[in-house]
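Written out below as structure tokens is the structure these notes cover.
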Amino acid sequence: MPAYRVRRRRRVASLATALAAVVVVAGQALLPTPASAAVSPSLALSRSIVAVNTAVQATGQVPAGSRDVVLQWRSGSGWRRAASGQTASDGSYRLAVPTGWYNTVDYRVVAPADGLLRPAVTTPTARLHVVPSYRPPGKASQHTFLSQAPGPLPRFDPCRTVSYRINLHHAPSHARSQVTHAFKVLGKATGLHFRDAGSVSGVPTTRGFRDPGGITVAWTSARTVPALAGATLGIGGFRDRWSGSINNVHITSGYAVLEAGSTLRRGFGAGKTWGALLLHELGHAVGLGHTSARSQIMYPMLQNRAAARYGKGDLAGLHALGAAQGCIPR
């Protein structure tokens, strides 16, 4: 009998040891490992200087294992979302960085606080330069703005899509495709998002025109728009209004009106082209004025060019009117 009692005590002790081991293992499964807890938030970009539309990856790690992460970029009005995803179990992540417009951008990755009581985590910043795929001519100072009034520059709100419409009456057969391409070029230069909203009737600047907002492109003659008389090939401009406070002015609508009888070359290649004229007048539509530098698209006379491209001054002016300046409060 004594021998039996000894064996029973050993069995109970063994069972207690096994239960203790299970508790320890379970505890380890629920808590982050020391290596995970020691991870410092990190961010690295696969490239630091790239041509527009080049693939760039943001990689790094945040502590506390698998969780949501958001890639943000810094604009004039604060941090804005660029991409989002989820980390692997070790907290590592890989996110695609947008490179669709010319800019110098600071990025960071944020892991928001979540239901597991994990606090928000923010990585250090990393800078990316997105540049044109060509060498823009001229100097950055070679630009002006249509608005000469003191205070903030009127501009479209980059946090809203800008619709454009085309009046194809009197337009050349290739009009829509060239307008579409011109807005793509303008989008790369400003960071604004443009959307083709279809056709429209009427011509901006004429009596009775019902302005739909956004940007309207139309072809007509000097008979309809006297400003097109003589050597004038096109006119462009915008309408604006104060928004939110006296520190915010946003453009409500812009226009580009082109001389239908002009015998310009099709496309954006060499010579005097419809493409160069479109880029010029659309520059006016978003707020650019004329410059005295012949190397820039915004020079007031159409030039024989190797290609219709914005120059360094044009791009600097469009940058000041674009997405980098941040949202306009309404």
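The values are calculated or read from the model by the stated rules, or taken from the named source; none is laboratory data. In this text the structure is predicted, and so the values were computed from the model without any measurement. Counting neighbours? That spans all protein chains shown, and the Cβs are built from the backbone with ideal geometry, glycine included. Side chains included, ligands, DNA and RNA excluded: accessible areas come from the protein's heavy atoms. Shrake-Rupley method; radii C 1.70, N 1.55, O 1.52, S 1.80 Å.
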Worksheet item: Which sequence of His143, His181, His284, His169 reflects their accessible areas, 1.4 Å probe, from the largest down?
Response: His169, His181, His143, His284
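Relative contact order for the chain: what is it in percent, counting Cα pairs under 8 Å that are at least 6 residues apart? Present the calculation step by step, with values, prior to reporting the outcome.
Values: 715 pairs, mean separation 56.2, N = 330.
With pairs under 8 Å counted, the relative contact order is 17 percent.
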Item to complete: Apply the Karplus parameterisation 6.51 cos²θ - 1.76 cosθ + 1.60, with θ equal to phi minus 60°, to every residue of segment 255-269 and state each ³J(HN,Hα) to the nearest whole Hz, in sequence, with x for glycine and proline.
Response: 8, 9, 10, 10, 6, 5, x, 5, 9, 8, 6, 6, x, 10, x
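Hey, got the dipole for the chain? About the Cα centre, +1 on K and R Cβ, -1 on D and E Cβ, debye to the nearest 20? Let's see the in-between values first.
Working: 37 positive and 11 negative charges, 244 e Å.
Charge dipole of the chain: 1180 debye, to the nearest 20.
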Worksheet, complete the sentence: Which residues qualify? For Arg309, with a placed amide H closer than 5 Å and at least 5 residues away or on another chain, they are none
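Say R0 is 30 Å: what FRET efficiency, to the nearest 0.05, do Phe145 and Thr125 get from their beta-carbon distance?
0.50
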Item to complete: With unit charges on the beta carbon (Lys/Arg positive, Asp/Glu negative), name the residue among Val179, His129, Pro154 whose Cα is farthest towards the positive pole of the charge dipole of segment 55-190.
Response: Val179
Fill in: Relative packing of 87-98, 220-231, which averages over residues the other C-beta atoms within 10 Å, highest first
87-98, 220-231
Worksheet, complete the sentence: Between the modelled labels at Thr206 and Ala55 (7 Å from Cα along Cα→Cβ) the distance in nm is 4.9 nm
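Working out 0.36 nm times the residue gap between Ser66 and Arg135, then minus their Cα-Cα distance, what length gain in nm do you get to one decimal? Before the final figure, lay out the partial values.
Values: separation 69, 0.36 × 69 = 24.84 nm, distance 4.32 nm.
Result: 20.5 nm gained on full extension.
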Worksheet item: Which far-off residues, 5 or more places away or on another chain, put their amide H under 5 Å from the one on Val200, with H placed in the peptide plane?
Response: Ile166, Asn167, Leu168
Worksheet, complete the sentence: On the accessible surface of the chain, probed at 1.4 Å with all protein chains in place, carbon and sulfur together account for a percent value of 54 percent
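Need one number: % antiparallel among DSSP beta bridges in the chain, to the nearest 5. Display every interim value, and only then the final one.
On the way: 41 of 61 bridges.
Expressed as a percentage, antiparallel bridges in the chain total about 65.
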Discussion item. Tell me the mean residue ellipticity at 222 nm calculated for the chain from its helices only (DSSP H runs of n ≥ 4, each -39500 (n - 2.57), averaged over every residue, nearest 500).
Written reply: -7000 deg cm²/dmol
Discussion item. Please list, ordered by chain and number, the residues whose modelled amide H lies under 5 Å from the amide H of Tyr299; skip anything fewer than 5 residues away on the same chain.
Written reply: Thr291
Worksheet item: Which helices, counted as full DSSP H runs in the chain, have an axial Cα extent of no less than 24 Å and a Kyte-Doolittle average of -0.5 or above?
Response: 2-30
Discussion item. Just to confirm my numbers, what's the Cα centroid distance between segment 56-129 and segment 140-179 in Å?
Written reply: 32 Å
Worksheet, complete the sentence: Once the in-chain neighbours fewer than 8 apart are removed, the lysines whose Cα is under 17 Å from Lys188 read Lys312
Worksheet entry | Residue among Arg165, Arg67, Arg135 with the largest mean-square fluctuation in a Gaussian network model of the chain, springs linking Cα atoms under 10 Å | Arg135
Worksheet entry | Exposure of His250 as accessible area (Å², to 10), given a probe of 1.4 Å and all protein chains | 10 Å²
Worksheet entry | Heavy-atom accessible area per residue - segment 73-119, 1.4 Å, Å² | 53 Å²
Worksheet, complete the sentence: For semi-axes √(5λ) of the Cα gyration tensor in Å, with candidates (1) 27, 24, 20; (2) 34, 24, 17; (3) 61, 19, 17, the value calculated from the shown model is option (3)
Fill in: Calculated over segment 184-330: convex hull of Cα atoms, volume per residue (Å³)
126 Å³
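For segment 166-303, what is the percent of antiparallel DSSP beta bridges, rounded to the nearest 5?
Numbers: 10 of 21 bridges.
Around 50 percent antiparallel, to the nearest 5.
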Fill in: Ordering of 150-163, 103-116, 196-209 by burial proxy (mean other Cβ atoms within 10 Å per residue, highest first)
150-163, 103-116, 196-209
Worksheet entry | Simple label model, 7 Å out from Cα along Cβ direction - Ala38 to Asp90, nm | 1.4 nm
